[in-house]
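Accompanying notes for the structure given below.
No lab work stands behind these numbers, since they all come straight from the coordinates. Everything numeric in this text was worked out from a predicted model, so none of it was measured. No Cβ is skipped: glycine too gets one built from the backbone with ideal geometry, and neighbour counts run over all protein chains shown.
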Amino acid sequence: MTAHETTIHDTVTAVNANQWNNLVTQSDLGTVFHRYEWLRAVEAGLDRPAYHAVVTKGSNPVAMLPTVLTPVATPDPADLPGPDRVVEATTSHLPTERLVSLYPGTGGPVIATDHEACLDSMLSALTTAAPRQALSHKIRLGSQAQNRYSKYLIGQGYESTVTSCRLVLDLAPGWDHIRSGMDRTRRTELRNDAVTVERTDFDGPMLASIHANYVQNMERIGADSFPMAFFEALAEHMDERVEVFTAHREGDTLGRHICIVDEEQSALRYYFSAIPETSAYEYGTSEQLHGAAIQWAIDAGFESYDFGATGADFRDGLFTYKSQYGPAICPIVQWDRGLSAVAWRAFKFGRRLYRGQNY
């Protein structure tokens, strides 16, 4: 009997692309974010060190856990209550990064066989390979089916949090039924005949304009944006999995939505907004873009339309807005385990102080 072998790869290109994607597509756990092409784009466009755990049997991969090293989002000391010495101890002397499976996107384990043995091996290999500056290992589950690993992860010392969710619209009832179930405000905006929407390319000279509008949109809402290099990498490696919907009014471009095609989960995922000016919302631009994307997804035979990650907070305006389209709430479960016992306790203490002050 051929034994399993577990390896940590610093790039997805170390694995055969066809074999990698074959494992993703044949598993009910696979998503577009597990695909070889998405990981190529993340590596090329964001320059994040990769720690992809792969279990092979013979020459074939039978399990994977794509992982990258990302900065830890630590609270600003000014936001924390308590003596200065406590604030300094919990924010200034901690590891600065963490292993995440996966960001951007989501990416829990994809396993074809021998689930427990593969999980044991991959998590052990990641712990051994983790650099000294890594505070923890975080797993961001990409599909509800991956919740099958919950008890196992608890047994391995992982702790779960649910601070965000995806709002997912079932497309089976068809457009007319979906539209009739929306909030009245959303239906009203969808009737704005002055706005037209078309699908546009995500490459060439159009790409710079799309990215500029995206950055302007993110700056307007006070959020960080991905660099142009990531958009260029998506255009190079994910061109067949990106759909761009562009809204026009009287010859002017109002804005765009960039969606990711997730054939593995039969979903169209809204991912980036590139609506640069607040004035565009006066014409129902966002509603028209979502409406066009939903109808395209229905025509293409997809089962769901994903409005993207949103804070799981009924008080949040974006959560309320997306809820008005009638989607179901799908929690994004995150599992975290510290890689340094001392640093992990200090980090959790600082996080507790922050949450008590700000949540």
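For residue 57, the lysines whose Cα falls under 28 Å of its own Cα, not counting residues fewer than eight places away in the same chain, are 138, 151. Shown for segment 22-61 is the translational diffusion coefficient from the Stokes-Einstein equation, using the Kirkwood radius over Cα pairs, a temperature of 4 °C and a viscosity of 1.567 mPa s: 113 µm²/s. For segment 125-196, the alpha carbon positions stretch 58, 27, 18 Å along the principal axes, listed from largest to smallest. Normalised by 2.2 N^0.38 Å, where N counts its residues, the alpha-carbon radius of gyration of segment 234-347 equals 1.32. Taking amide H atoms as placed 1.01 Å from N in the peptide plane, the amide H of residue 72 lies under 5 Å from those of 97, 98, each 5 or more residues away in sequence or on another chain. Between the C-alpha center of segment 230-258 and that of segment 166-194 there is a gap of 22 Å. Put simply, the C-alpha atoms of segment 164-212 give a gyration tensor, and the ellipsoid matching it has half-axes of 28, 17, 12 Å, longest first. Other residues within the sphere of radius under 13 Å centred on the Cβ of residue 179, judged by their own Cβ, net out at 0 (K and R +1, D and E -1). With both labels modelled 7 Å from their Cα along Cα-to-Cβ, the residue 343 to residue 240 distance reads 4.1 nm.
Applying the criteria of a DSSP loop state and at most 12 other Cβ atoms within 10 Å to the GluC sites (Glu not before Pro) of segment 232-287 yields 250.
Each residue of segment 96-109 was assigned a 3J(HN,Hα) from its phi angle through the Karplus expression (A = 6.51, B = -1.76, C = 1.60, θ = phi - 60°), giving 9, 9, 8, 7, 10, 10, 8, 8, x, x, 10, x, x, x Hz with x at Gly and Pro. Phi-derived couplings, Karplus 6.51 cos²θ - 1.76 cosθ + 1.60 at θ = phi - 60°, listed residue by residue for segment 308-318: x, 5, 9, x, 7, 9, 5, 7, 7, x, 5 Hz, with x used for Gly and Pro.
Per the Kirkwood formula applied to alpha carbons, segment 201-297 shows a radius of gyration over Rh ratio, Rg over Rh, of 0.95. Relative to the compact globular guide of 2.2 N^0.38 Å, what is the alpha carbon radius of gyration of segment 181-257, as a ratio? Taking the Cα Rg and dividing by 2.2 N^0.38 Å, one obtains 1.27. Once backbone amide H atoms are built at 1.01 Å from N, residue 103 has 68 as its partners under 5 Å, excluding neighbours fewer than 5 places away on the same chain. As a ratio to 2.2 N^0.38 Å, the alpha-carbon radius of gyration for segment 1-46 is 1.26. Along its three principal directions, the equivalent ellipsoid of the chain from the Cα gyration tensor extends over semi-axes of 35, 26, 19 Å, largest first. A quarter of the convex hull surface defined by the alpha-carbon atoms of segment 225-273 gives 4.2 nm² as the mean projection.
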